[in-house]
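Read through the structure below, which is laid out as structure tokens, and then see the notes.
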Amino acid sequence: MTIRNVVFDVGNVIVRWEPEAIVELAFGKDLPDGITSRDLFGGDIFRALNRGAMSLTETQRMYAERHGFDRRTADRLIEALFESLHLIEETPPLMRRLKAAGYGIYAITDNVHEIVAYLRGRYDFWPLFDGACVSADHATLKPDPRMYRWLCETYGLVPEECVFLDDLEKNIAGAKAVGMEGFVFTTTAQAEADLRSIGVDPDRKLAAA
């Protein structure tokens, strides 16, 4: 079946997501003993934020209660998070080429309302999406099949006509489980090569269905 839609993750596909860099930016080498970047961005508090179960303000309060941060420290951590969201410069041009060629452009992202709003304001790639499934809107995270199915059902997509790009193998496995094609994203150049390997040519007009 012909691929007609390219679905992008956001973190480490379109913008950088590097918890270790966030922590270093916030604390330098002075991270409190016993706390790791995984505790802060891979644990239950941040996962709850990604599921939309709490706001960013509530997350700061939870960090303060659990780790003994004062308000200034919690603020510094969140400021560093936003500062770290650097664009992967090569990806939006690929998205634009695919869109110009006639492919649908979509997103499935484990993401936070406040971060999505920030990305919309800082960069110009979000309007390229024909639709998006954001975890905080659905109280679930990849690779839960509901994320992929919601995107397809909401926008009338055939899973077998979609290819998903994500930096984590488990999320690609989740996409394939519902019928999508998928590739682990490492670089934009590799992603383009992977797309071309299944007949998705960003420089050739997609034939009408």
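Taken residue by residue, the range 4-20 has no member that is polar (S, T, N, Q) and open to solvent by 60 Å² or more (accessible area, probe 1.4 Å).
Of all residues in the range 38-80, those that are crowded, with 17+ Cβ neighbours inside 10 Å, under 18 Å from the mean Cα position of the chain (by Cα) and of a type in the set (Gly, Ala, Ser) total 1.
The residues of the range 178-209 that are of a type in the set (A, V, I, L, M) and over 17 Å from Cys133 (Cα atoms), listed by number, are Val184, Ala189, Ala191, Ala193, Leu195, Ile198, Val200, Leu206, Ala207, Ala208, Ala209.
Filter the range 181-200 for residues that are more than 21 Å from the chain's Cα centre (by Cα) and not aliphatic (A, V, I, L, M) and give the result. Once the filter is applied, which keeps residues that are more than 21 Å from the chain's Cα centre (by Cα) and not aliphatic (A, V, I, L, M), the range 181-200 yields Arg196, Ser197, Gly199. Listed here are the helices (runs of 4 or more DSSP H) enclosed by the range 1-86 that have at least 1 residues being modelled with pLDDT of 90 or more and hydroxyl-bearing (Ser, Thr, Tyr): 56-67. Of the helices (runs of 4 or more DSSP H) lying entirely inside the range 112-205, those carrying at least 1 residues that are open to solvent by 50 Å² or more (accessible area, probe 1.4 Å) and of a type in the set (Ser, Thr, Tyr) are 113-122, 145-155, 188-197. Name every residue in the range 87-111 that is open to solvent by 10 Å² or more (accessible area, probe 1.4 Å) and assigned to a helix (DSSP H, G or I), in order of residue number. Selection gives Pro93, Arg96, Arg97, Lys99, Ala100. For the criterion of being over 19 Å from Ile88 (Cβ atoms), over 17 Å from the mean Cα position of the chain (by Cα) and among the hydrophobic types (A, V, I, L, M, F, W, C), Leu157 passes.
The values are calculated or read from the model by the stated rules, or taken from the named source; none is laboratory data. This one's a predicted model, so the numbers in the text were calculated from it and none came from an experiment. Neighbour counts are summed over all protein chains in view; Cβ atoms, including those assigned to glycine, are modelled from backbone coordinates with ideal geometry. Side chains included, ligands, DNA and RNA excluded: accessible areas come from the protein's heavy atoms. Shrake-Rupley method; radii C 1.70, N 1.55, O 1.52, S 1.80 Å.
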